[in-house]
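Colleague: Submitted below is the structure of interest, expressed as structure tokens.
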Amino acid sequence: MATVLADTKHVAMTDFKGKVDPDWCPGCGDFGVLAAVQKALVDLQIPNHNVVTISGIGCSSNFPGFINTYGMHTLHGRALAVATGVKLANHDLTVLVTGGDGDGFGIGGNHFVHSMRRNVDLLYIVMDNQIYGLTTGQTSPTSRIGMKTKSMPFGNIEAPVNPISLALAAGATFVARGFSGEQKHLTELIKQGIRHKGFSFLDVFSPCVTYNHDNTYQWFRPRVKKLEDDPSYSPSDWMAAMGKSLLWDDEIPIGKFFERSDVPALHEAEPVLNAGPLLHATSRIPAEVARSFVEELM
Amino acid sequence: MKKTFTIGIGGAAGQGVATPGDIFAKIFSRRGLHLNAYNAYQSIIRGGHTFLTIRTGPEKVTNMGDRLDLLIPLNQDAMNRHLGLLTDGSACIYNADTIKPGAAAEGVALCPLPVAKLADITRNKVAQNTLAVGAGLSMMGIGFPALEQVLNEQFKKKGDAVVSENVGIARAGFDYANANFKPFAWPLPMTENRYAVLSGNIAMAMGGAAAGVKFYCAYPMSPSTGVLHWMAGHARKAGIMVRQVEDEIGVVNMAIGAAHAGVRSMCATSGGGFALMSEGLGLSAMMETPVVVIDCQRAGPSTGVPTKTEQGDLWQMLGAAFGDYPRAIAAPLDIGDCFKIIPEIFNIADKFQCPGIVLCDLLLSEGRLSVDPKDLDFAPVVERGDLITAPGSNGDGAYKRYKITESGISPRAVPGVPGYTHTAASDEHDEDGVLISDEFTNPTKRRAMMEKRMRKVDGIAAAVPAPALSGPRDAQVTLIGWGSTKGVIEEACEILTEQGIPANQLQIRWLVPLHGDAILKILKDARHTIIVENNYSGQFARYLRSETSFVPSGYIRKYDGEPFMPHHIVEAVKEQLAGKSRLSIPAHEILV
């Protein structure tokens with residue numbers, strides 16, 4: 001009975017208010033992402049107990065503590081691996097993975113690529129600020145060439161990774177980019193990403209106001225152009241998406257680059273899960289099946 | 001002494017050493033005979049040298065033994081390496097067309113098979129193997145129908161023509177031996193018993209299925225890959241989600257994710273993969289999410305010797321991940337125990353919400369043993385601990401995931417249950433799961449949370465039995481081992497006792513918790529204590545000393561990649577009793 005009541009009651013913004021307030025720096029882009037996620041969950045009327053928010057380590061990875069859902073604050077770079085396990089054990093859950101560019105594209109790069117090719121059904125939001133913030137300002141995998149940080153005081157000499165192109169190449173079935181300075185647009189992308197069956201990748205420009213003086217709100221604002229504003233752009237065209245992903249500097253596209261719905265999500269592809277989530281499966285192996293396992297060895 | 005019969009089959013990888021081994025194993029187990037098989041092989045798909053030892057007998061066979069009764073060399077190399085080790089009463093069956101025997105000891109029967117005359121070798125490349133199996137069984141006094149039946153099963157997928165060709169070749173070998181070779185002095189008996197023959201890897205995988213594992217993932221790594229293979233092959237029948245993951249870091253974290261969502265979750269690897277999992281073990285401990293990790297030890301360090309056995313990972317297990325946290329570490333004693341130990345350690349891990357580590361090794365993982373099907377219990381006791389999977393009275397604000405309790409155990413709600421939302425964190429947190437590692441750092445809370453988690457150590461100790469001495473109390477020698485050496489030490493004790501040196505054995509199965517007091521109580525009465533282990537530095541001896549201050553009279557260690565044989569231990573014990581040494585390192589004579 002309690003379940004029915006909980007599931008049918010109206011989902012409100014207050015349901016998602018975390019036990020503590022975020023300790024991000026004032027003006028941090030991550031506040032905007034948190035608000036957009038909360039708004040998206042309310043718009044989609046998903047009860048908080050059906051959501052698991054999973055992160056790695058970093059400023060933005062403190063996210064699960066600031067939203068009232070089931071949360072996991074895991075190891076640096078490992079959130080996607082943990083999230084895959086959660087989703088496969090109980091695919092009725094809505095799984096959100098949140099983290100930063102260092103967490104996802106640096107230490108977690110391997111899991112990032114493989115989770116996309118597996119098409120795990122989750123939304124992965126990277127709060128991309130092109131810097132390591134929690135460790136007080138070092139170069140990240142998305143820092144531009146020439147950017148001066150504490151770890152590269154004479155300027156970065158390594159080319160940054162392009163998360164959108166990488167996601168497209170790795171087989172992500174939903175690829176988008178948002179900007180925490182564009183709240184409504186970001187909320188819409190989050191809703192689409194949650195609704196998408198399969199791996200949804202959402203790279204969000206979430207400026208670090210303390211350590212990144214290159215990629216600021218002021219720097220992004222005149223450059224970001226919404227793909228949705230171009231009526232000729234079709235997110236079903238992978239080649240066009242790849243082309244758009246290469247744009248930078250003067251014009252930086254945000255919005256949905258690509259989506260395809262014809263690929264089964266990982267949990268849909270494995271017949272073991274046809275009967276429903278593993279969590280609800282009976283733990284005992286039926287006696288006749290057990291007997292057949294032993295007889296194979298005799 | 002127990003009566004046993006041992007066959008050694010040697011050849012290059014790809015020459016088909018495995019198939020005759022499987023055929024012998026099947027026939028022996030169906031005669032109601034016990035058996036133990038160990039394959040010494042190289043990390044090579046074709047070529048090299050592989051030597052399979054199958055030892056059988058009417059009573060339990062716990063190790064490969066000291067003696068070969070029948071040698072089947074499939075090439076000259078195998079003949080050269082092993083013939084010299086045969087003793088009076090044993091025989092060597094070989095292809096007379098391609099292999100020349102060397103000098104054999106007195107009483108060794110050389111049994112050349114004229115392979116080209118007995119079979120069409122242009123059609124059947126492994127004809128020599130099949131002929132040798134037929135000849136060998138004839139000399140063991142086993143009737144042909146047993147072989148015919150196994151060949152039928154072995155080749156039926158390939159069609160009737162292949163079956164009848166192989167049966168024909170086997171028959172030719174059988175008849176030729178009947179006519180030309182002397183039967184063994186001890187015809188193999190028959191009993192009413194029937195056994196399953198399985199590897200430790202299969203046993204651990206089936207033990208997982210029996211324990212209710214619903215999620216298994218792994219990255220291939222010798223010698224643990226057999227667990228993945230069984231799991232993958234049986235996943236759909238057993239209702240287990242099995243995934244091959246990009247690396248062992250992903251493996252352990254994925255397993256923890258599934259466990260966190262409420263299902264029993266397991267993974268297996270070897271030392272190198274375990275090193276990558278180390279940080280994940282800490283995550284399991286800190287989030288208090290139970291996960292079971294199997295480590296199939298191989299000789300290290302680094303890539304080490306992937307196809308050879310060692311007990312060299314103990315300190316890695318003891319020190320895996322930084323910080324202090326409760327853990328359970330169990331080392332199965334034999335292949336049957338590989339099955340039993342999985343449900344047991346899951347109950348500990350679930351109840352105490354901590355990682356459970358199974359410390360297996362190549363000897364058990366890839367060795368094979370006959371096990372009474374009754375011992376493969378698919379309905380073991382399953383205790384999930386304090387797990388909340390449905391809404392209850394303590395939800396909605398009252399619930400604290402990391403509630404401080406006397407036992408240190410806090411009720412664990414799985415995602416999806418209304419009213420119990422919380423965050424499980426790898427950072428230090430308070431009872432509510434709120435991080436206290438950054439601005440909220442609070443020494444009082446940190447101390448309380450450490451103590452809460454560590455209180456579970458006492459509970460784990462109480463839940464696991466202390467080890468016991470086997471054999472006479474007042475023996476002259478007490479041999480102390482852990483895990484997979486149980487069988488070989490047991491046999492060494494029997495031999496020593498027979499030779500007038502009464503010996504007993506203390507075999508350790510639970511490494512954590514160790515029960516140091518109980519061990520000291522046992523050992524304080526012992527006259528001469530020797531710790532036997534398969535590693536260089538005496539990892540268990542050092543651990544025992546660190547926990548109990550106990551120093552034994554001597555040590556027997558082996559780190560050449562091959563397992564102990566009984567005589568290695570027997571001779572070392574005698575050497576030490578004679579005061580010649582405190583540390584014996586036996587040399588392995590069957591060289592691969």
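Colleague: Filter the cross-link list B:403/B:456; B:157/B:374; B:340/B:524; A:19/A:39; B:214/B:340; B:60/B:580 down to pairs whose alpha-carbon distance in this structure exceeds 24 Å. Before the final figure, lay out the partial values.
Modeller: Values: B:403/B:456 13 Å; B:157/B:374 30 Å; B:340/B:524 31 Å; A:19/A:39 17 Å; B:214/B:340 17 Å; B:60/B:580 34 Å.
B:157/B:374; B:340/B:524; B:60/B:580, as the Cα separations exceed 24 Å there.
Colleague: Same structure again: Where both residues lie in the stretch B:248-370, what percent of DSSP beta bridges are antiparallel, nearest 5? Walk me through the numbers before you get to the answer.
Modeller: Details: 1 of 15 bridges.
Rounded to the nearest five, the antiparallel share is 5 percent.
Colleague: Across chain A, where is the longest run that never hits GluC sites (Glu not before Pro) in a DSSP loop with at most 15 other C-beta atoms within 10 Å? Please report the intermediate quantities before stating the final value.
Modeller: Details: sites that count: A:158, A:251, A:296.
After excluding every exposed loop site, the longest remaining stretch is A:1-157.
Colleague: Quick check for me: using +1 on Lys/Arg Cβ and -1 on Asp/Glu Cβ, what's the dipole size of the protein assembly as shown about its Cα centre, in debye to the nearest 20?
Modeller: Numbers: 82 positive and 90 negative charges, 165 e Å.
For the protein assembly as shown, the charge dipole is close to 800 debye.
Colleague: Tell me the relative contact order for chain B as a rounded percent, counting alpha carbon contacts under 8 Å between residues six or more apart.
Modeller: The value is 12 percent.
Colleague: Another one. Per residue and in Å³, how big is the convex hull formed by the alpha-carbon atoms of chain B? Don't skip to the answer; put the middle values down first.
Modeller: Values: hull volume 94.5 nm³, N = 592.
Measuring per residue, one finds 160 Å³ for the Cα hull of chain B.
Colleague: Among A:101, A:230, which comes first, then next, by fewest other beta-carbon atoms within 10 Å?
Modeller: Details: A:101 26, A:230 12.
Listing A:101, A:230 from fewest to most nearby Cβ atoms yields A:230, A:101.
Colleague: Can you give me the Cα centroid spacing of the stretch B:285-358 and the stretch B:367-389 in angstrom?
Modeller: 17 Å
Colleague: Something else about it: Out of the trypsin sites (Lys or Arg not before Pro) in the stretch A:1-89, which ones are loop residues according to DSSP with at most 12 other C-beta atoms within 10 Å? Before the final figure, lay out each step's value.
Modeller: Working: sites: A:9, A:17, A:19, A:39, A:78, A:87; in loops: A:9, A:19, A:78.
Passing sites in the stretch A:1-89 are A:9.
Colleague: Here's something else I'd like to know. For B:74, A:122, B:364, which order do you get if you count the other beta carbons within 10 Å of each Cβ and list the fewest first?
Modeller: On the way: B:74 24, A:122 29, B:364 32.
The most exposed by this proxy come first: B:74, A:122, B:364.
Colleague: Hey, got the dipole for the stretch B:197-375? About the Cα centre, +1 on K and R Cβ, -1 on D and E Cβ, debye to the nearest 20?
Modeller: Details: 12 positive and 17 negative charges, 114 e Å.
Roughly 540 debye for the stretch B:197-375.
Colleague: For A:219, B:230, what ranking results if the residue with the fewest other Cβ atoms within 10 Å of its Cβ goes first?
Modeller: Values: A:219 15, B:230 25.
Fewest-to-most ranking of A:219, B:230: A:219, B:230.
Colleague: In degrees between 0 and 90, to the nearest 10, how far off the longest principal axis of chain B does helix B:539-548 point, with axes built from Cα atoms?
Modeller: 40 degrees
Colleague: Hey, another quick one. What residues have an amide H closer than 5 Å to that of residue A:72, excluding those fewer than 5 places away on the same chain, when H is modeled at 1.01 Å from N in the peptide plane?
Modeller: Residues meeting the criterion, in which the H sits 1.01 Å from N, are A:53, A:54, A:55, B:424.
Colleague: Only sites in a loop by DSSP and with at most 14 other Cβ atoms within 10 Å count here; which trypsin sites (Lys or Arg not before Pro) in the stretch B:164-256 make the cut? Kindly include the intermediate steps, with their values, before the conclusion.
Modeller: Details: sites: B:171, B:194, B:214, B:236, B:237, B:243; in loops: B:194.
Here the sparse-neighbourhood loop sites are B:194.
Colleague: I would also like to ask the following. Restricting to DSSP loop positions (anything but H, G, I, E, B) with no more than 14 other Cβ atoms inside 10 Å of their own Cβ, which GluC sites (Glu not before Pro) remain in the stretch B:75-172?
Modeller: B:106
Colleague: With each run of n ≥ 4 DSSP H residues scored as -39500 (n - 2.57), what mean residue ellipticity at 222 nm is computed for chain B after dividing by its residue count and rounding to the nearest 500 deg cm²/dmol? Mind dumping the intermediate values first?
Modeller: On the way: 18 runs with 220 residues, N = 592.
Per the formula, -11500 deg cm²/dmol.
Any read-out appearing in this document is the output of simple, stated calculations on the displayed coordinates, not a laboratory observation. Computed from a predicted structure; not experimentally measured. Counting neighbours? That spans all protein chains shown, and the Cβs are built from the backbone with ideal geometry, glycine included.
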